[in-house]
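The values are calculated or read from the model by the stated rules, or taken from the named source; none is laboratory data. Quick caveat, the model's predicted, so the values are computed rather than measured. Backbone-built Cβ (ideal geometry, glycine too); neighbour counts: all protein chains shown. Side chains included, ligands, DNA and RNA excluded: accessible areas come from the protein's heavy atoms. Shrake-Rupley method; radii C 1.70, N 1.55, O 1.52, S 1.80 Å.
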Amino acid sequence: MNVGFDLDGVLLDSAADLAWLDRGLDNALAELDIEPTESNRRKLYPDALADLEAVATEFDVEPDRLWAARTRNYTEGKITAIQSGELMPFEDLDAIERVTDETLFCVSNSPQEVVEAFLETTGYDGAFDVAVGRGQSREALDRLKPDPAMFDPVADALGEGEYVYVGDRDSDREFAARTGMGYVHLDRRERTLAEAVETIENEAWECPDGAAVDAESTPESR
């Protein structure tokens, strides 16, 4: 069986303190010669990125240049925070070792480089057969979960078989539904990773029906 995990909110506690995000966005603004104020920074948060061209027009910057500066500084800031220990895995990360008899994969809306840095820093890069994050292009924003395109590299690498995915958002459930995976929901306010793993061990996962949901990402995921 193939068992997959989301990153942010499931393995990585990236929302407890967003200082790393603010630093990265301030660096992007400075690179673009835009004053790094709180108001300007918020315009580069994910909820504003749904209309990147409008933000670019307001800043009088070409959309491609804005996105390039934003995604590069965001990625560098998040990787630095992971490697320095500012961003930490959840304390129960070792619960995944209970399913290492299965084939493990990770699919995240965070950049590919962030996913790889997390697995390398925690020493779990050898435990995961496939790790998929988003690309750096603007076009990659249209292929975030729940778009099934993010499952394609997993299916190509692992082939046919049973798949189960652990996520923390309705968009993760929709992602599982669109790709034919079973689904285990992990709300960190209510459950631990160990409990999610137990659900897998008991084969008590959901079989989502594919109903459409709001796929808006959290600030730490883009």
Margin query: Can you pull out every residue in the stretch 133-152 that is surrounded by fewer than 20 Cβ atoms within 10 Å (Cβ to Cβ) and either closer than 14 Å to residue 103 by Cβ or in contact with a Phe, Trp or Tyr (Cβ under 6 Å, 6 or more places away or on another chain) (or both)?
Written below: 138
Checklist line | Residue under evaluation residue 128, criteria (1) surrounded by 16 or more Cβ atoms within 10 Å (Cβ to Cβ); (2) touching a strand residue (DSSP E or B) at 6+ places or on another chain (Cβ under 9 Å); (3) over 30 Å from residue 203 (Cβ atoms), criterion not met | finding: (3)
Next item on the list: Quick one: in the stretch 155-174, of everything that is assigned to a helix (DSSP H, G or I) and open to solvent by 30 Å² or more (accessible area, probe 1.4 Å), which residue is nearest to residue 207 (Cα to Cα)?
Entry: 173
Margin query: Tell me whether the stretch 108-117 contains one or more residues that are open to solvent by less than 30 Å² (accessible area, probe 1.4 Å), of a type in the set (A, V, I, L, M) and assigned to a loop (DSSP other than H, G, I, E, B).
Written below: no
Check: Taking interchain pairs and intrachain pairs at least six residues apart, which have beta carbon atoms under 9 angstrom, with the first residue in the stretch 175-197 and more than 16 Å from residue 9 (Cβ to Cβ) and open to solvent by 50 Å² or more (accessible area, probe 1.4 Å) and the second in a strand (DSSP E or B) and not polar (S, T, N, Q)?
Finding: 180/163
Next item on the list: Quickly run through the stretch 69-91 and pick out the residues that are open to solvent by 30 Å² or more (accessible area, probe 1.4 Å) and touching a residue at least 60 places away in the same chain (Cβ under 8 Å).
Entry: 72, 80, 86, 88, 89, 90
Item checked: Qualifying position, being of a type in the set (A, V, I, L, M, F, W, C), at pLDDT 95 or above and over 22 Å from residue 78 (Cα atoms), among 55, 61 -> 61
Margin query: Any residue in the stretch 37-49 that is farther than 20 Å from residue 144 by Cα sitting within a Cβ distance under 9 Å of a residue that is open to solvent by 10 Å² or more (accessible area, probe 1.4 Å) and not in a helix (DSSP H, G or I)? List the pairs, counting only those 6 or more apart or interchain.
Written below: 40/34
Note to self: I'd like to check something: does the stretch 97-107 contain any residue that is under 20 Å from residue 27 (Cβ atoms) and buried (at least 17 other Cβ atoms within 10 Å of the Cβ)?
What the structure shows: no
Notebook entry, point to check: Taking the stretch 18-31, which residues are open to solvent by 10 Å² or more (accessible area, probe 1.4 Å) and either of a type outside the set (D, E, K, R) or not assigned by the TED database to the domain that holds residue 63 (or both)?
Noted result: 18, 19, 27, 30
